[in-house]
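For reference, the structure discussed in these notes is given below.
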Amino acid sequence: MQTLAELFEHTLQDVQYAENAIVKALPKVIKAVQAAPLKQAIESHLEETKGQIATLKKVFATIDKKPEGVKCDAIEGLLKEADGLIEEAKGVALDAGLLAAAQAVEHYEISRYGALREWAKALGNDEAHVLLTEILDQEKAANAKLTTLAVTLVTNKFANDEPGRPSPDSAPHLERLTGRGRHSRNDPRTAPNLQRRRGMTKVSAPMGA
């Protein structure tokens, strides 16, 4: 490759291969996932990915090329990692790991489509620029959805399921949040400190006054 046009075509073939590999891999991931919201999000993106492959066909048409893929080592590595999680992890670790793996794939796709879109613009290929922007926006939205799930499922639900981890509703946890534990304002050991902070400490009268 020596020209931007050649790089554009090669990278287009790269994502063509990647999207088809993802379509083949996602059903196994969906079957393995346990959390219903995460399962639904991946199912939705599977259908969206099929639509992206159809959009890529249109992008290839703008450069008079057939939609052919070339092996993408990056996506192969990411999907292999997901396979390893399915084989080795279970419970909380399985869903949390697969969610992170799905985000890694999204980040890869966002970087590829972001570059392709800008290259299309530089090459004066306005139609490809519009089509690639459409796919890029979908990938960004999918990643945002996964980020939200990471917060709501992993941080809140999964963390509470970990053995020995205090519940957010437990007394010690609430004490830390509200400051009403053993070092509260009613604790005589902290009263002088509070008085000093508020300028309320009494000044003793001078001797002999």
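We did not get these values from a lab; they are worked out from the coordinates using the rules stated. Note that this is a predicted model, so its numbers are computed, not measured. Cβ placement follows ideal geometry from the backbone for every residue including glycine, while neighbour counts extend to all protein chains displayed.
Summary table below
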quantity	calculated
By average C-beta atoms within 10 angstrom, highest first, the peptides 135-141, 82-88	135-141, 82-88
Around Gly114: net Lys/Arg minus Asp/Glu count, Cβ-Cβ under 10 Å	0
Nearest-20 debye value, the stretch 89-159 charge dipole, Cβ charges on Lys, Arg, Asp, Glu	360 debye
Residue among Thr133, Ala122, Leu98 farthest towards the positive dipole end of the stretch 87-136, charges placed on Cβ	Ala122
The stretch 72-157: C-alpha gyration tensor shape, a/c 1.5 cut-off, then a/b vs b/c	oblate
Mean Cβ count within 10 Å, highest first, over the residues of peptides 92-101, 52-61	92-101, 52-61
